[in-house]
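The values are calculated or read from the model by the stated rules, or taken from the named source; none is laboratory data. In this text, all values refer to a predicted model and were calculated from it rather than measured experimentally. Heads up, the Cβs are rebuilt from the backbone with ideal geometry, glycines too, and the neighbour counts pull from every protein chain shown.
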Amino acid sequence: MTNEMCTVPQLVIRVDPVPRESPRGYLCRVAHTHRYSGPYSILQIAGVSGDDLERVKGIERISRVLRLEPEEWQAMCYRELAGRKGARPRSFGGEHIKYSDLNYMYPRLCPACLRDQPIWWAVWDLRLVAACPLHRCLLLCQCPNCKRRLLWQRPAVHMCHCGLDFRDLTTEEADRDLLAINTLIYHAAGFPLGDEVEHVLAHYCFPKEMLKLRMSTLLRLVLLLGSIRENGRLSGTHMTVDNRSPAAATEVCRAAVTMLRDWPGPLHETLRNMLPMDTDRPETLTFNTIFGEFYRRLFHDLPRRKVGFLRRVFEDVVMENWKGFIRGSHRRPRYFSAAVMQSSYWVTLSEAARLAHASCRRILDAISQGQIESMLPTKTGNLECWMIKRESLHRWIAIRDIETALYMSNSEIQRTLGLGYKAVKSLAQAGLIRHVKGYNHLFSGGYHFLREDVTKVINIFQKHTVTRRKYTGPGKLMTLRDALNCLGHSVLPDLIQAADDGDLVPVHYAKLSVGIAGYIFPFEKLSRYHRDPKILPGWLINPHPVSAILESERMRRLLHRQEMERTMGPHRRATLKSSQTENSRHESALPAM
Ligand SMILES: [Zn+2]
Ligand SMILES: [Zn+2]
């Protein structure tokens, strides 16, 4: 303790504070116990002003006078917390509330509560509390004898300046709506109300989440919902002193009940009615202008996790009725959930391209051809400024998908047939499978093959009933895949034609194979379709000894290379390699059919 503190006098006796007691009411009670005229006498003894009572510099002095530990007074008083000047929050039972949530200018009390126990409860210091749910009556804020507003500076908690004992009074019965909201506030303040809270929630069909709201969130929520006006503006109940009167509290609580009862219907309806009927100019619609102060307070004042039930109603209205753009900062999760973004009326160009699995250029082409409805609200030239109507985009995607379903992509046809690109190319070149290529109204690029023709090719093989068997490598029997590696991919059209004519019949199907590549044929019959017998005469005539020894494809290719060198010499190999490079360059684009 500092020397300065040692000079501060102390009261004769310590008066123990009661849990949930108002700090100002406590001072009033201490003053009455010590026969002072009112709580200001205590402040004079401590040498602090009323403003410093709940500030750091006053806490130590006042707690010494009261014979309390500084922590005791600090926990009880509405201590000013760190924050922006003019908007510093206050501590209320360990929670942060706004200064405007307190009703310093309009003290109030419940005579019946004072009869039970002469304690000024902290909850009466809240501006939205105007009724006592314990006694179902209105709080008293004016002395019926001297007709003056109640003051903090009075002889005792239960006594007016004029000498009237408030405990002798009875007050009006409170209406049910006011009681309902005040019951929730009392519950959040820690008053034991038994089943009354659940009863209120069930009777009014309030959102169940309200039961778990902390005091600060509950006050913000009630104030917000109780202040909504038709145009989205909030009534002026926020900051002015007059609006901390019990009458204003009653008005706000009743209006809040109107919004909260039968949740979420009334609020949904109110928000929907704020939307303009005419939405011809979506670029003029903004959340700020339509939903006004309600929108700003919903996203800035209320914690998202606690009032998810309120945000969901707002999001439902946006999802069902919002015809304006949602972009910029609104696309961040802070504002809207993914569900809202996925159902927005308009999408950006990049999002449209992502949804359609197409390039931005294709979407812009479709826009220019009038196939997709869009808007360019600003003439900046920025592609992201394009806004595309989601409904029309979906329609375009559906039509495109029906057309593209007739085709197979390059990778799909290879998977389906079990063959490589060279084999597919030979089929396309021979006209057995029709195809489209490059950029057109359906595809953004690459080759696409007519599904119907692919099915025909598969059916040629499937009409033969064959058994599956294990296949270890080429021998007297050979799969179609190995046959193409051996004879060259250009023979595939001939093989298919022969299979269609019945000249070439598969005898088995290799296990673990896919498509037509696994059909097994007698090698003798396959070799008839060899087009260039000069290259590998020895190997082709009798592949059996080789395949019996070498099972792996890699080793077979190695042998293939050695055989070529033996028959043609190293010079021929180099020539062949260069010609292969040239071929592959040509193969990069299929010739038109
Ligand atoms: Zn009461
Ligand atoms: Zn009076």
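Assess whether LEU164 counts as being under 23 Å from TYR36 (Cα atoms), outside the structural domain of ILE185 (by TED's automatic domain parsing) and either within 16 Å of ligand 2 (Cβ to nearest atom) or buried (at least 21 other Cβ atoms within 10 Å of the Cβ) (or both). Break it down stepwise before answering.
Details: under 23 Å from TYR36 (Cα atoms): yes; outside the structural domain of ILE185 (by TED's automatic domain parsing): no; either within 16 Å of ligand 2 (Cβ to nearest atom) or buried (at least 21 other Cβ atoms within 10 Å of the Cβ) (or both): yes.
Against the criterion (under 23 Å from TYR36 (Cα atoms), outside the structural domain of ILE185 (by TED's automatic domain parsing) and either within 16 Å of ligand 2 (Cβ to nearest atom) or buried (at least 21 other Cβ atoms within 10 Å of the Cβ) (or both)), LEU164 does not qualify.
When region 13-39 is filtered for residues that are touching a residue at least 12 places away in the same chain (Cβ under 8 Å), assigned to a loop (DSSP other than H, G, I, E, B) and either acidic (Asp, Glu) or surrounded by 21 or more Cβ atoms within 10 Å (Cβ to Cβ) (or both), only SER22 remains. Of the residues in region 133-163, how many are assigned to a strand (DSSP E or B), under 24 Å from ALA31 (Cβ atoms) and out of contact with any Lys or Arg (no Cβ under 8 Å at 6 or more places or on another chain)? Count: 2.
Would you confirm, using the coordinates I've provided, whether SER490 is surrounded by 19 or more Cβ atoms within 10 Å (Cβ to Cβ), out of contact with any strand residue (DSSP E or B) (no Cβ under 6 Å at 6 or more places or on another chain) and of a type in the set (S, T, N, Q)? Criteria not met by SER490. Quick check: anything in region 390-398 surrounded by 18 or more Cβ atoms within 10 Å (Cβ to Cβ) and more than 30 Å from ARG327 (Cβ to Cβ)? No, because not a single residue in region 390-398 is surrounded by 18 or more Cβ atoms within 10 Å (Cβ to Cβ) and more than 30 Å from ARG327 (Cβ to Cβ). Among the residues that make up region 162-173, is at least one of them out of contact with any Pro (no Cβ under 8 Å at 6 or more places or on another chain) and within 13 Å of ligand 1 (Cβ to nearest atom)? Yes - at least one qualifying residue is present in region 162-173.
For beta carbons closer than 8 Å, sequence separation of 6+ or different chains, a first residue in region 274-296 that is loosely packed, with under 12 Cβ neighbours inside 10 Å and a second that is of a type in the set (Ser, Thr, Tyr), the qualifying pairs are ASN288/TYR295.
Taking ASP116 as the residue in question, decide whether it is in contact (Cβ under 8 Å) with a residue 12 or more places away in the chain and either within 11 Å of ligand 1 (Cβ to nearest atom) or touching a helix residue (DSSP H, G or I) at 6+ places or on another chain (Cβ under 8 Å) (or both). I'd like the intermediate steps shown before the answer.
Values: in contact (Cβ under 8 Å) with a residue 12 or more places away in the chain: no; either within 11 Å of ligand 1 (Cβ to nearest atom) or touching a helix residue (DSSP H, G or I) at 6+ places or on another chain (Cβ under 8 Å) (or both): yes.
The answer is no for ASP116.
For region 191-207, the condition of being more than 16 Å from ligand 2 (Cβ to nearest atom), hydroxyl-bearing (Ser, Thr, Tyr) and either farther than 19 Å from PRO111 by Cβ or not assigned by TED's automatic domain parsing to the domain that holds ARG115 (or both) holds for at least one residue. Restricting attention to region 87-109, the residues being more than 22 Å from VAL18 (Cα to Cα), out of contact with any Pro (no Cβ under 9 Å at 6 or more places or on another chain) and among the basic types (Lys, Arg) number 1. In region 308-326, the residues that are touching a residue at least 40 places away in the same chain (Cβ under 8 Å) and within 25 Å of ARG220 (Cα to Cα) reach residues that are acidic (Asp, Glu) and surrounded by fewer than 17 Cβ atoms within 10 Å (Cβ to Cβ) with C-beta atoms within less than 8 angstrom, at least six apart or across chains, in these pairs: GLY308/GLU209; PHE309/GLU209. Being surrounded by 17 or more Cβ atoms within 10 Å (Cβ to Cβ) and out of contact with any Pro (no Cβ under 8 Å at 6 or more places or on another chain) is a property that holds for ILE42. Considered as a group, the residues in region 192-207 that are touching a Phe, Trp or Tyr at 6+ places or on another chain (Cβ under 8 Å) and not β-branched (Val, Ile, Thr) include one that is surrounded by the fewest Cβ atoms within 10 Å (Cβ to Cβ), and that residue is CYS205. Exactly one residue out of LYS470, LYS525 is surrounded by fewer than 21 Cβ atoms within 10 Å (Cβ to Cβ) and within 57 Å of the chain's Cα centre (by Cα): that is LYS470.
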